[in-house]
1. Considering Cα pairs under 8 angstrom that are at least six residues apart, work out the relative contact order of segment 48-125 and quote it in whole percent.
2. Could you tell me how many cubic angstrom of Cα convex hull volume segment 55-96 has per residue?
3. Give me 13, 120, 23 sorted ascending by neighbouring Cβ count inside 10 Å, so fewest comes first.
4. Take peptides 29-36, 89-96, 75-82 and line them up by average Cβ neighbours within 10 Å, highest first, as a rough protection proxy.
5. Where does each of 15, 38 land when they are ranked from fewest to most other beta-carbon atoms within 10 angstrom?
6. Mind giving me the nanometre distance, one decimal, between the label points for residue 58 and residue 75, set 7 Å out from Cα along Cα→Cβ?
7. Rg and Dmax of segment 8-108, using alpha carbons, in Å: what are they?
8. Please compute the contact order of segment 6-72 in relative form: average sequence separation of alpha-carbon pairs under 8 Å and at least six residues apart, divided by the residue count, as a percent.
């Protein structure tokens with residue numbers, strides 16, 4: 001039955017180790033915000049199959065880092081899974097692209113840099129010397 005195909009572990013503190021043991025991450029939500037579990041999977045180098053709801057399309061680039069399927073469409077979900085089973089190199093390529101996207105767009109460094117640029121833009125628009133400018137001059141560490 002389904003118990004052989006899926007595992008719902010509940011709250012865990014060893015998620016990175018678990019993610020490294022998986023081949024693919026699947027999130028068939030009917031509703032979702034910005035999913036930290038998708039980001040964790042991507043950072044672990046997993047391709048993602050997710051439903052096209054909430055923030056999932058913002059995280060999963062369809063055909064690049066994973067596959068997006070319509071919500072509540074088990075046939076589309078099954079087709080996406082079957083395609084990855086049939087095309088293991090595609091699975092690996094999407095996993096590599098997912099890891100790269102997670103690092104470049106959603107890592108702590110990337111997010112901090114994005115916030116700093118936003119603060120600098122707001123400061124400049126108000127005629128205040130930007131924090132990035134002060135940092136470049138060695139005045140802020």
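Only the coordinates and a few stated rules stand behind these numbers; no lab work does. Keep in mind that this is a model prediction, so the values were computed, not measured. Cβ coordinates were reconstructed from backbone atoms using ideal geometry, including for glycine residues, and neighbour counts include every protein chain displayed.
1. Details: 61 pairs, mean separation 19.2, N = 78.
It comes to 25 percent, rounded to a whole number.
2. On the way: hull volume 2.3 nm³, N = 42.
Output value, Cα hull per residue: 55 Å³.
3. Working: 13 6, 120 18, 23 12.
So the residues, fewest neighbours to most, are 13, 23, 120.
4. Numbers: 29-36: 13.1, 89-96: 16.2, 75-82: 14.8.
Taking the mean over residues of other Cβ atoms within 10 Å, the ranking is 89-96, 75-82, 29-36.
5. On the way: 15 15, 38 26.
Exposure proxy ranking, most exposed first: 15, 38.
6. For residue 58 paired with residue 75, the spin-label model returns 3.2 nm.
7. 12.6, 37
8. On the way: 99 pairs, mean separation 20.1, N = 67.
Over segment 6-72, the number comes to 30 percent.
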